[in-house]
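The values are calculated or read from the model by the stated rules, or taken from the named source; none is laboratory data. All of these numbers come straight from a predicted model, not from anything done at the bench. Every residue, glycine as well, gets a Cβ built from its backbone with ideal geometry; the counts of neighbours run over all protein chains shown.
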Amino acid sequence: MANVALARAKRTLRRETGAALRQIAQTDVDAQSRTITDAVTALPAYRAASSISVYISMPTAEVATWDLCRDALRAGKRLYVPRFSEAGSSFSVDMDMLRLRNEHELHTLIPNTWGIGEPSSQVDGAPRENALEADTGGNGLDMIILPGVAFDRFGGRLGHGKGYYDRYVRRTREFNTQHNIPPPTLGESAANKSR
């Protein structure tokens with residue numbers, strides 16, 4: 001019974017927060033995005049990270065991540081972005097984080113049915129590097145920048161309700177543990193603590 005009430009409360013909060021976010025002027029979203037990008041790039045954890053995943057922002061009502069992606073590439077970090085889609089534009093159960101090697105690849109992402117740009121699964125005739133697949137060259141992640149509908153003061157996150165990032169963070173922690181890599185820093189928690 002408690003799980004049903006919690007699920008209902010989360011749906012209500014997502015709906016109400018989404019409606020409020022859609023009322024924010026695009027100029028304000030742009031200004032807030034620049035402020036958040038500056039805060040993230042100033043974090044010691046970000047500066048120390050060599051392998052980072054960043055969500056690709058939705059077309060509206062979400063902090064834009066394009067400048068953050070460009071900064072990561074220009075700083076020589078290994079940048080990974082999410083891929084949710086399967087062939088034919090259906091969505092898979094889990095997402096993967098695939099590497100973008102340069103800004104050209106960033107600017108040629110293909111929008112999925114949610115309007116979120118995704119990388120192709122292959123590049124130069126071979127599978128694109130997957131952060132959690134060593135056979136493609138992946139070697140885990142130092143930092144994950146997560147999207148969210150709402151956050152609390154303690155870094156708690158309310159996502160969009162599909163569970164992609166919750167499952168992905170668990171998989172990353174397992175991969176990092178198996179390969180003796182420190183656990184990843186979660187970008188939204190770190191950004192919230194810096195305020």
Subset of the range 106-119 (residues that are out of contact with any Asp or Glu (no Cβ under 9 Å at 6 or more places or on another chain) and among the polar types (S, T, N, Q)): Thr108, Thr113
Checked the range 94-110 for anything free of Cβ contacts under 8 Å to residues at least 24 places away in the same chain and part of a strand (DSSP E or B); matches are Ile110
Under 9 Å between Cβ atoms, at least 6 apart or on separate chains: pull out the pairs that start in the range 160-179 with a residue that is of a type in the set (Asp, Glu) and end on any residue that is in a loop (DSSP other than H, G, I, E, B). Asp166/Gly159; Glu174/Leu132
If you go through the range 22-68, how many residues are more than 12 Å from the chain's Cα centre (by Cα), touching a residue at least 40 places away in the same chain (Cβ under 8 Å), surrounded by 13 or more Cβ atoms within 10 Å (Cβ to Cβ) and in a helix (DSSP H, G or I)? 5
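State whether the residues of the range 127-144 include one that is modelled with pLDDT under 90 and either of a type outside the set (Ser, Thr, Tyr) or in contact with a Leu (Cβ under 9 Å, 6 or more places away or on another chain) (or both).
Taking the range 127-144 as the starting set, the residues that turn out to be modelled with pLDDT under 90 are none.
No, the conditions are met nowhere in the range 127-144.
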Within the range 102-133, which residues are aliphatic (A, V, I, L, M) and either surrounded by 12 or more Cβ atoms within 10 Å (Cβ to Cβ) or in contact with a strand residue (DSSP E or B) (Cβ under 8 Å, 6 or more places away or on another chain) (or both)? Leu106, Leu109, Ile110, Ile116, Val123, Ala131, Leu132
Number of the exception - Asp71 against (1) in contact with a helix residue (DSSP H, G or I) (Cβ under 6 Å, 6 or more places away or on another chain); (2) over 23 Å from Val169 (Cα atoms): (2)
Out of all the residues in the range 94-101, is one or more over 23 Å from Arg171 (Cβ atoms) and loosely packed, with under 12 Cβ neighbours inside 10 Å? no
